[in-house]
Each structure stands twice: as C-alpha cells, then as structure tokens.
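A quick write-up on the structure given underneath.
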Amino acid sequence: MTKLKVAVLISGGGTNLQALIDACAGDDFPAEIILVLSNKADAYGLQRAKKAGINTSVINHKDFSSREKFDQKMDEVIKSAGAEFICMAGFMRLLSEWFVEKWFDKLINIHPSLLPDFKGLNAQKQAFDAGVKTAGCTVHFVRKEMDEGPIIVQKSVEVKKDDTADSLAAKILEKEHEAYVEALRVYCVR
Ligand code: GAR
C-alpha cells in the first residue's frame, strides 16, 4: 500500500501526535509520519517522535523577522522531507496566507471546540464558562482565517454537572485523539 507522507507540526506535549503515531504503526493505516516539526525545542512531542524513530526538526519562530519568513523555512524543510500532507497537532502559531495557499487542502488542524463555536485560545474553558451542555473537538482543513475551513470530523462530549474546566478539557482531549486518526483516514480513503 502506498501511504500518504505526512508532516506533523507541534508546539507542545504531542498527545495528538502520539495518537497519530500509534495509528500509523498499523500496516493497514493509509498514512505514515515522515517528519515532526516543532517551533519549540523543548516540546515533549519531539521525544515521542524520536522514540518512534521519526525525523524531527526544530525551527524557532523567534529566529525570523516575519511570519512569512518563518513559514518559508518550514515549507522548505517539509518539502525536502518529502511530505505530501500536513497535520497541525497543537501547533500554536498562526500561519501566513502564503503558507495556507501553498498547502491548500493538504493542511489540516485540530481545535478543541465544536467549531464554529469558541475559536482561538483556551477553547475548552470558553465552552465551560459559556455553560454549554455539549462540547467537543473539530478536525478541519486550514484556511487563512483562524479556526475556519471545511470540517472533516467533529466529536462531542457531554458536560456533566460535576465537570470542571480541567476535567472537560481532559475529556475533549481524549476525543481529539479519536477524531484526528479518523480524519486522517477519511482524507486518505476519500
Ligand atoms: C490540543 O487540545 C489541541 O486541540 C490544541 O492544543 C492541544 C495540544 O495538545 N490546539 C489548539 O488549541 C489550536 N487552536 P497535544 O500537544 O497534547 O496534542
């Protein structure tokens, strides 16, 4: 089986990355991760990638004078690794329009809310504070507007009376792992 060559962009712990690594380990999974790229050298997700034998790259956005120059460097590294598709998994940088256009429909993101509700940072807490009864996560194609773009998969969780913002975020994160694997599979077999 020819597998889709995927680069995963991270900034932190990388539990979504881990879910993708685990899924890709299956012989019949239609994608393989060929590069994990982080804008932070101390992102724990880099250790997860190394443990799985995946090439890693760190590009510190602070070393670049503009968002576009940083994105151009990422593009160069991603292209030379041979990636055909990009998954953003807790990558906490906004991308330039240039990058989004370059990877149009080949760039997906996971966000911890049922978009279009609760865009931006701390989406889980936004949902909790709003008192919603149902929260969740979304995997979507990336467009130039933040947290917008065609939805591939959404998964919901019930907000229980005894939930806190933290317990809700943990429940959503568990669903994220399922949603991301499902979305990547759906994209590959579409
Ligand atoms: C996840 O909850 C992801 O949805 C969120 O960051 C977390 C990363 O966790 N992303 C965003 O909020 C992007 N807008 P992880 O590093 O354990 O996968």
Please give the solvent-accessible surface of E145 in Å², to the nearest 10, using a probe radius of 1.4 Å with every protein chain present. 80
Per DSSP, loop GluC sites (Glu not before Pro) in segment 9-110 with at most 16 further Cβ within 10 Å: E84
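So what's the convex hull volume per residue for the Cα atoms of the chain, in Å³? Present the calculation step by step, with values, prior to reporting the outcome.
Numbers: hull volume 22.1 nm³, N = 190.
In the chain, the Cα convex hull volume per residue is 116 Å³.
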Surface accessible to a 1.4 Å probe, L121 within the full protein complex, Å²: 130
Accessible area per residue, Å², segment 1-72 with all protein chains present, probe 1.4 Å: 49
Could you tell me how many degrees, from 0 to 90 and to the nearest 10, lie between the Cα long axis of helix 15-24 and the main elongation axis, the longest principal axis, of the Cα atoms of the chain? 60
Of the accessible area of segment 43-109, computed with a 1.4 Å probe and all protein chains kept, carbon and sulfur make up a percent value of 45
In terms of solvent-accessible area of protein heavy atoms at a 1.4 angstrom probe, what is the ranking of T2, T134, highest value first? T2, T134
Rolling a 1.4 Å sphere over the protein heavy atoms, what is the accessible area per residue of segment 98-186, to the nearest Å²? 52
T56 long-range amide H proximity, modeled H, under 5 Å: V36
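From the Cα trace of segment 137-183, what convex hull volume per residue do you get, rounded to a whole Å³?
Taking only Cα atoms, segment 137-183 has a hull volume of 75 Å³ per residue.
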Folded to 0 to 90 degrees: helix 165-189 orientation relative to the chain principal axis, Cα: 50
Run the 1.4 Å probe and let me know the accessible area of Y44, rounded to the nearest 10 Å². 130
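The values are calculated or read from the model by the stated rules, or taken from the named source; none is laboratory data. What you see is a predicted model; the values in this text were computed from it and never measured. Note that each Cβ is placed from the backbone with ideal geometry, even for glycine, and that neighbours are counted across all protein chains shown. Each accessible area value is taken on the protein alone, full model and side chains, heavy atoms only, with ligands, DNA and RNA left out. Shrake-Rupley method; radii C 1.70, N 1.55, O 1.52, S 1.80 Å.
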